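Just below is one structure, and these are the notes that go with it.
Every number here is computed from the coordinates shown, using simple stated rules; none is lab data. Please read all numbers here as calculations on a predicted model, not as lab measurements. Every residue, glycine as well, gets a Cβ built from its backbone with ideal geometry; the counts of neighbours run over all protein chains shown.
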Amino acid sequence: MKFSTKDLPRTRGLLIISVLTLVLGAIIAYVSNGVLIEAQQSKITADREWSEAHRKLERTKSEKEDLQGYYHQYQNLVEQNVIGQERRLDWIEAIEKIRNKLNIFSVKYKLEPQETLNFETVTTNNSFDLHRSNMTLDFSLLHEGQLLNFLDTLSKEAKGMYLLESCTITRNDFVRQLRFIPNLQAKCTLGWITLNEKIVDGT
């Protein structure tokens, strides 16, 4: 194939167009690659943000459920007279009601003054004071089952929380002259527990 001087302008134009095409193609490829990388990075960032938002949502739901659980527990303790002022009259009425229900000969009680319990494990930011009122119960019983039934019924029906410390049973030695007389004497000691919210000193 022969070229003449007349073909130079046309050949030069073709070369220029070819070079421009290659340069333009390189630019398009570079820009496209940059856009792709940016899109991938944006997707990674979006996925990370979505995952973080999802974790925060789950954490918030869990905290809400915990708060609801704590609230219900708190309300239950208030209704059971565990949180608040002690209800000595309620305890005595419950004891007398159970005695009549179980046909126990007699139940005598003695309540000690309330005391505040202090524990080394309780931190300074604890929002409740723990109190205890010791009670002694003296029973005149026909048989041991009456004592077991009394304690079981007390834990179910009496509002409040108590800790049973000890019970002792002694048999009456006197000769039975009547058909129905107490065969046993029992003494139990227990402590009624109450919680009071601390009064925060604003000074």
Segments 129-142, 97-110 sorted - mean Cβ within 10 Å per residue, highest first: 129-142, 97-110
Region 150-159 - phi-based ³J(HN,Hα) in whole Hz, Karplus 6.51/-1.76/1.60, Gly and Pro as x: 4, 5, 5, 5, 4, 5, 8, 9, 7, 7
Packing-ranked peptide list from 156-167, 185-196, highest mean Cβ count within 10 angstrom first, is 185-196, 156-167
